[in-house]
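These notes concern the structure reproduced below.
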Amino acid sequence: MAAGAGFEGFPDWGVRFYQELEDNNTKEFWAANKAQWERDVREPMLTLVDALADEFGPAKLFRPNRDIRFSADKSPYKTHQGAIVGHDAGVGYYVQLSGDGLAVGGGFRTHSPAQTESFRRAIAAEGSGVELEGIVTELARAGFGLEGDILKTRPKGYDADHPRLELLRRKEIMALQRVGSPDWLATPAALDHIRSSWEAIRPLTEWVVAHVPMEQPRGVTR
């Protein structure tokens, strides 16, 4: 079967479903819509990531249920469906469908202070730091925003006038493009758009792999 065969896009129903779930996050609403959620959200997502696996690696789909054990918010379900490639190592690619439509991204999520320090040392170094600066600039031009934990002040041990201070304040770095609900989302063309976004992020993930030791996370909920 050719790559992408069987993927027909994300039906419009999925976005409407998550918009309604935000206002009616109950087991009764979920049960009434579960069969169509399987057909119009979960199955297209599985087909999508399978089509991209040869290029980017196998993916994990996140569970629809929220972990409410330690949360004041007892809503039982997540208001989005996400899938991530490479999350066991802390670096990879992400795609999500929600009431806001499609979001596509990727990058690096830290697993330890030691990993964050390696990340910052690479930013501070002239060669690798300038390289990352260029990658981030290109991602911004392509419409990606940077997300992830960031300090309000400068990190300890780095000069206040460092030319890459804004990057040094970051503990991790993820690039995310909030696409919304364009006409192509419900068509097979969505595969090429998502592939292109992940290809744009590849220089960032390759930079992280080259400069930051990868670690296995603990207690990941999928």
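Here is how the numbers come out for the structure above:
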| quantity | calculated |
| --- | --- |
| Test for F108: is it surrounded by 15 or more Cβ atoms within 10 Å (Cβ to Cβ), at pLDDT below 95 and of a type in the set (F, W, Y) | yes |
| Long-range neighbours under 8 Å by Cβ, at least six apart or interchain, first residue within 14 Å of F17 (Cβ to Cβ) within region 38-52, second of a type in the set (F, W, Y) and outside any helix (DSSP H, G or I) | D40/F10; V41/F10; P44/F7; P44/F10; M45/F10 |
| Only listed residue being within 30 Å of S181 (Cβ to Cβ) and over 18 Å from the mean Cα position of the chain (by Cα), chosen from T137, T153, T116 | T137 |
| Contacts under 7 angstrom Cβ, first residue in region 106-130 being without any contact (Cβ under 8 Å) to a residue 60 or more places away in the chain, partner among the β-branched types (V, I, T), 6 or more apart | T116/T110; G129/I123 |
| Tabulated pairs, region 1-26, first within 18 Å of A103 (Cα to Cα), second among the β-branched types (V, I, T) and at pLDDT below 95, C-beta under 7 angstrom, 6+ apart or interchain | none |
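The values are calculated or read from the model by the stated rules, or taken from the named source; none is laboratory data. Predicted model, so just to flag it, every value in this text is computed and none were measured. Because the Cβ atoms are built from the backbone with ideal geometry, glycine has one as well, and the counts that use them run over all protein chains shown.
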